[in-house]
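What follows is a short report on a single structure.
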Amino acid sequence: MMERLEQRYCIKFCQKLGDMQVETIRKIQQAFSNDAMSITQMKERYNCFKDGRTSMESEPHSGRSSTSQNDKVIDQVRTLVMLDRLFTVQELADE
């Protein structure tokens, strides 16, 4: 994780110095070798910094909500399954 952050700083630094995207990618690959970010990720970061982004942190991602797995939901599902073991996954989700 820390190496990703270091690479983001390097990409921002190269972009601010006026290096072209391809030069920046070559430098990151040379410096970090097998631990380098993918080319796609480097291009995305380079473009973000070129467009004026200043933060090194990632944007929040969409995905499973943090409330989808909690003790209350787990207990409810367990109770339903114990009542009728023929419940389908879809029926459990609907309940």
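For region 2-51, the Stokes-Einstein estimate of translational diffusion at 20 °C and a viscosity of 1.002 mPa s comes to 207 µm²/s, using the Kirkwood hydrodynamic radius over alpha-carbon pairs.
Relative contact order for the chain using alpha-carbon pairs under 8 Å, separation at least 6, rounded to a whole percent? Rounded, it is 26 percent for the chain.
Go ahead and set up a Gaussian network model of the chain, Cα springs under 10 Å, then flag whichever of Lys27, Lys50, Lys72 fluctuates most. Sorting by GNM fluctuation, first place goes to Lys72. Under a Gaussian network description of the chain, with springs only between Cα atoms under 10 Å, the residue in Gln30, Gln41, Gln76 that fluctuates furthest is Gln76. Between Thr40, Gln21, Leu5, the Cα set farthest toward the positive side of the dipole of the chain (charges on each charged residue's Cβ, about the Cα centre) is that of Gln21.
If you run the Gaussian network model on the chain, springs between alpha carbon atoms under 10 Å, then out of Met42, Met82, Met20 the most flexible one is Met82. Given +1 at the Cβ of Lys and Arg, -1 at the Cβ of Asp and Glu and no other charges, the dipole of region 2-51 around its Cα centre is 120 debye to the nearest 20.
Taking all protein chains into account, the per residue accessible area for the chain stands at 81 Å² (1.4 Å probe).
Counting every pair of alpha carbons in the chain, the share spaced more than 20 Å apart comes to 54 percent. Just the protein heavy atoms count here, and of the accessible area of the chain at 1.4 Å, carbon and sulfur take up 52 percent.
The values are calculated or read from the model by the stated rules, or taken from the named source; none is laboratory data. Quantities reported herein were computed from a predicted structural model and do not represent experimental measurements. FYI the Cβ positions are ideal-geometry reconstructions off the backbone, even for glycines, and counts take in every protein chain you see. What goes into the accessible areas is simple: the full protein's heavy atoms, side chains included, and nothing from ligands, DNA or RNA. Shrake-Rupley method; radii C 1.70, N 1.55, O 1.52, S 1.80 Å.
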